[in-house]
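Read-outs throughout are calculated quantities, based only on the coordinates presented, and are distinct from any laboratory measurement. From a predicted model like this one, the values you see are computed outputs, not experimental measurements. Positions of Cβ are generated from backbone atoms using ideal geometry, with glycine treated the same way; all protein chains shown enter the neighbour counts.
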Amino acid sequence: MSAILLEAHAVAKRFGGVRALHDVSLTIHQGEIYGLIGPNGAGKTTLFNVLTGLYSATSGSFTFAGEPLKISAPHQVAKAGIARTFQNIRLFANMTALENVMVGRHVRTHAGVIGAVLRGPGTRAEEAGIQRRALELLHYVGVADRANDLARNLPYGDQRRLEIARALATDPKLLALDEPAAGMNATETAALRTLVEGLRADGLTVLLIEHDVKLVMGLCDRVAVLDYGEKIAEDVPEKVQRDPKVIEAYLGVGVA
Amino acid sequence: MNARVSFLKYAGVLLVALVLLTLPFALTAAGTAWVRITNLAILFVFLSLGLNIVVGYAGLLDLGYVAFYGVGAYVYALLASPHFGVHLPFWIILPIGAAVAALFGVLLGTPTLKLRGDYLAIVTLGFGEIVRIFLNNLSRPVNITNGPQGIAIIDPVRIGGISFGREDIFLGLSVSGPVKYYYLLLLLLLLVIVVNLRLQNSRIGRAWEAIREDETAARAVGIDTTRVKLLAFAMGASFGGVAGGMFSSIQGFISPESFVLTESVMILAMVVLGGMGNIWGVIAGALLLSFVPEMLRYTVVPVQIAVFGKLLVEPEVIRMLLFGLALVLMMRFRPAGLWPLRARQREFSKQDVVK
């Protein structure tokens, strides 16, 4: 088994009296696609938001790439190498597709106000590098032909892909996708699957929240199931599918 | 094809430059007042471009922007007048004014980082009033601002032996003080525009726009929104500081009355009218709202007297009436401004992208 990339240690999150996450521990290995599933309201997105710093955990901690992950602000998580997409797409609607991805390079570049104003050779080279990399990524996810269109004008499937390109622009070690196939038709889902498999082939680790069970079971190397904020299973898809607790969480307890 | 386009572009730029360079002489023929009006209009362009960074790029509604104008003006007045007996040259004071204004920008920005929209507007409005009230009252126990009386006999700009406060003859051509200021302001304006354009197409400019579009997503892709927002406040404020300094030296006299809320509202109206986020739109908005009222001032009275034989409606009343009407019409028909941001799309030419 390959090295461990991310470890969650007994992560808990409460909203007042609501226990959204209860001592969730999980382990994601380098280079795998790790699925996170569960019925609605199970705490999947909450876990995402805690991991990426949008919420602060009530208790528990994360270890990322062998070091404790300090989550005091989302931008530090991005800097550490975790990038995410959102369940309801959050693009910069009035910026072009290319600019959206260029913003993703922010965390790996340095030019400040003075650099921008003087626009010396260093800044110009960096700027050219940003644009080149952004274009590469647009090609990679397959929306390069829409590079100059405002993000708001892209078709739904392309918006999802653009959001992935923007996340990839931060040079992540772990890419966290929050329901990337939501609202996609069969063709778009198939293309997304190819894209995510390509990411794994290129050595990226992917954490995937998904409702499309068929997609998750076919794509993921391992799957964790959350129910009422607790992890009830974590294993390879074939075993998880047959786990009685998982079946119970999705279908309810048999009466007979 | 491309060569032809760039030739037309250069010809256009040349023509604009020629018009701008000869403009003061045409204006002098119409009356020196028009040169002064033009100078003030350029100051409003500075202010609008500064506010555009905060409101147009970063999307932070600031209703107290005039405070930075005031800070810049008072920094200049205090460092170049008999009030303290300090007489520093303008090229030292302007950067100081910009820096002090930027500091005030950070001062305003820090407590408002978590606020958005209406709430931010209210706090910034309060900030603008606080600064004005301070200027009004900082005459006791130690007299710093001279209170409501303001500060007078502020030094005009001096370059070498040439004072901008009086008329001079160059090459047999009589050049008045306002005309000299016009050229200085034109030079500064060029600088301000270049700085603005470069900021817009930079890593920082994109970060500002990202925050405007979706702050949560901006944080998720690694933008330190705290820092980047404060930078927007500071940069925007520094433009206001420079404008304030020039205002001080041109007017020779300032008092807190010049830095009231309606000025903030006016600058914001210029930004919104022109097209938030687009430099050229903002410039157009500032020029339009600076010149049209002045034109009315000179036409409303004679027209009424010619038509009715007496003055029925004061120019000021008509000005506000038209202003209100213009804003209503604009919100109805061109909510994004006269010259909106959309033009940006063409910045990256197609051939760079399609391979």
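Sort B:266, B:276 so the one with the fewest other Cβ atoms within 10 Å of its own Cβ comes first.
B:266, B:276
Could you tell me what fraction of 2.2 N^0.38 Å the Cα radius of gyration of chain A comes to, as a two-decimal ratio?
With N residues counted in chain A, Rg over 2.2 N^0.38 Å equals 1.06.
Is the C-alpha gyration tensor of the range B:20-112 telling us rounded, prolate or oblate? Criteria: a/c under 1.5 is rounded; beyond that, a/b larger than b/c is prolate, otherwise oblate.
Oblate, because a/c is 1.5 or more while a/b does not exceed b/c.
Put a dot 7 Å past each Cα toward the Cβ at residue B:115 and residue B:130; how far apart are the dots in nm?
0.9
Taking only Cα atoms and a 10 Å spring cutoff, compute GNM fluctuations for chain B and point out the largest among B:170, B:90, B:253.
Highest fluctuation of the listed residues: B:170.
So how compact is the range B:186-315: Cα radius of gyration and Dmax in angstrom?
According to the Cα coordinates of the range B:186-315, Rg and Dmax are 19.7, 67 Å.
Taking the Cα centre as origin and putting +1 on Lys and Arg beta-carbons and -1 on Asp and Glu beta-carbons, what dipole magnitude results for the range B:118-169, to the nearest 20 debye?
Dipole about the Cα centre, nearest 20: 200 debye.
Can you give the Rg and Dmax of the range A:56-99 based on its C-alpha atoms, in angstrom?
Reported Rg and Dmax, both Å: 14.0, 40.
Which of B:293, A:88, A:107 sits closest to the plus end of the dipole of the protein assembly as shown, meaning its Cα is farthest towards the positive end, when Lys and Arg get +1 and Asp and Glu get -1 on the C-beta?
The residue sitting most towards the positive pole is B:293.
Show me, for the range A:148-154, the HN-Hα J-couplings you get by feeding each phi into the Karplus relation (A = 6.51, B = -1.76, C = 1.60, θ = phi - 60°), rounded to Hz, glycine and proline as x.
Whole-Hz 3J(HN,Hα) from phi for the range A:148-154: 9, 8, 4, 4, 5, 8, 7.
Who wins for biggest fluctuation among B:241, B:150, B:117 in a Gaussian network model of chain B, springs between alpha carbons below 10 Å?
In this elastic network of chain B, the residue with the biggest mean-square fluctuation among B:241, B:150, B:117 is B:117.
Which value at 222 nm does chain B reach when only helices count, each DSSP H run of 4 or more adding -39,500 (n - 2.57), with the total divided by all residues and rounded to the nearest 500 deg cm²/dmol?
One gets -23000 deg cm²/dmol as the mean residue ellipticity at 222 nm.
Based on DSSP H runs of at least 4 residues, each adding -39500 (n - 2.57), what is the mean residue ellipticity at 222 nm of chain A after dividing by all its residues, to the nearest 500 deg cm²/dmol?
The helix-only estimate for chain A comes to -11500 deg cm²/dmol at 222 nm.
For the protein assembly as shown, with only Lys/Arg (+1) and Asp/Glu (-1) charged at the beta-carbon, what is the dipole magnitude about the Cα centre, in debye rounded to 20?
960
Would you mind getting the Kirkwood hydrodynamic radius of the protein assembly as shown from its Cα pairs, rounded to one decimal in Å?
27.5
If a/c stays under 1.5 just call it rounded; otherwise compare a/b with b/c (prolate if a/b is bigger, oblate if not). Do that for the range B:229-276, with a ≥ b ≥ c from the square roots of the Cα gyration tensor eigenvalues.
oblate
Using Cα springs under 10 Å in a Gaussian network model of chain A, which residue among A:41, A:122, A:183 shows the largest mean-square fluctuation?
Comparing A:41, A:122, A:183 in a Gaussian network model of chain A, the most mobile one is A:122.
Using a Debye calculation, one point per C-alpha and no hydration shell, please list log10 I(q)/I(0) for the range A:9-90 at q = 0.16, 0.17, 0.24 Å⁻¹ in order.
Here the Debye-derived log intensity ratios amount to -0.63, -0.72, -1.46.
Can you list the HN-Hα couplings for the range A:65-82, worked out from phi with the Karplus curve (6.51, -1.76, 1.60; θ = phi - 60°), rounded to whole Hz and with x for Gly and Pro?
Those phi angles translate into 6, x, 10, x, 8, 8, 10, 9, 8, x, 5, 6, 5, 4, 5, 5, x, 10 Hz.
For residue A:231, which lysines qualify as cross-link partners when the Cα separation must be under 19 Å and same-chain residues fewer than eight apart are set aside?
Filter leaves A:13, A:44, A:239, A:245.
Work out which helices of chain B, taken as complete DSSP H runs, extend at least 24 Å along their axis over the Cα atoms and score a mean Kyte-Doolittle of -0.5 or more, then list them.
The answer, listed by residue number, is B:2-30, B:32-51, B:90-109, B:117-137, B:177-200, B:225-251, B:279-308, B:315-333.
Calculate the dipole size of the range A:99-256 relative to its Cα centre from +1 charges on Lys and Arg beta carbons and -1 charges on Asp and Glu beta carbons; express the result in debye to the nearest 20.
The dipole magnitude comes to about 560 debye.
Positive end of the charge dipole of the protein assembly as shown (Lys, Arg +1 and Asp, Glu -1 on Cβ, about the Cα centre): tell me which of B:218, A:125, B:254 has its Cα farthest that way.
B:254
With the Cα gyration tensor of chain B giving a ≥ b ≥ c as the square roots of its eigenvalues, does the rule (a/c under 1.5 for rounded; else a/b larger than b/c for prolate; else oblate) give rounded, prolate or oblate?
Rounded, since a/c falls under 1.5.
Can you tell me the FRET efficiency between residue B:190 and residue A:202 if r is taken as the Cβ-Cβ distance and R0 is 51 Å, rounded to the nearest 0.05?
Taking R0 as 51 Å, the efficiency between residue B:190 and residue A:202 is 0.60.
Which one, B:277, B:154, A:190, is farthest towards the positive end of the dipole of the protein assembly as shown when Lys and Arg carry +1 and Asp and Glu -1 on their Cβ?
B:154
If I take the Cα coordinates of the range B:120-230 and project them onto the principal axes, what are the three extents in Å, biggest first?
62, 46, 20
Which of the DSSP-defined H helices in chain A satisfy a minimum axial length of 20 Å, computed from C-alpha atoms, and a minimum mean Kyte-Doolittle hydropathy of -1.0?
A:121-141, A:186-201
Tell me, what is a quarter of the convex hull surface for the C-alpha atoms of the range B:59-101, in nm² with one decimal?
Averaging across all directions leaves 3.4 nm² for the Cα convex hull.
Using DSSP to define loop residues, name the chymotrypsin sites (Phe, Trp or Tyr not before Pro) in the range A:63-133 whose beta-carbon has at most 14 other beta-carbon atoms within 10 Å.
When the chymotrypsin sites (Phe, Trp or Tyr not before Pro) of the range A:63-133 are filtered for loop state and at most 14 Cβ neighbours within 10 Å, nothing remains.
What are the residues whose amide H is under 5 Å from the amide H of residue B:139, where those residues sit 5 or more places off or on another chain and H is modelled from the backbone?
So residue B:139 has HN proximity to B:144, B:145, B:147.
Using 15 Å as the cut-off for backbone N distance, which residues of the range A:133-169 belong to the label zone defined by a point 7 Å from the Cα of residue A:186 along Cα→Cβ?
Counting only backbone N, you get no residues.
Can you give me the P(r) profile for the range A:1-137? Cα pairs, bins 5 angstrom wide beginning at 0, each as a whole percent.
Pair shares across the bins are 2, 8, 15, 17, 17, 14, 11, 8, 5, 3, 1, 0.
Which aspartates and glutamates does residue B:180 reach when only Cα atoms under 19 Å apart count, and residues fewer than 8 places away in its own chain are ignored?
List returned: B:155, B:167, B:168.
For residue A:79, list the lysines whose Cα falls under 19 Å from its own Cα; do not include residues on the same chain fewer than 8 positions away.
Filter leaves A:70, A:173, B:229.
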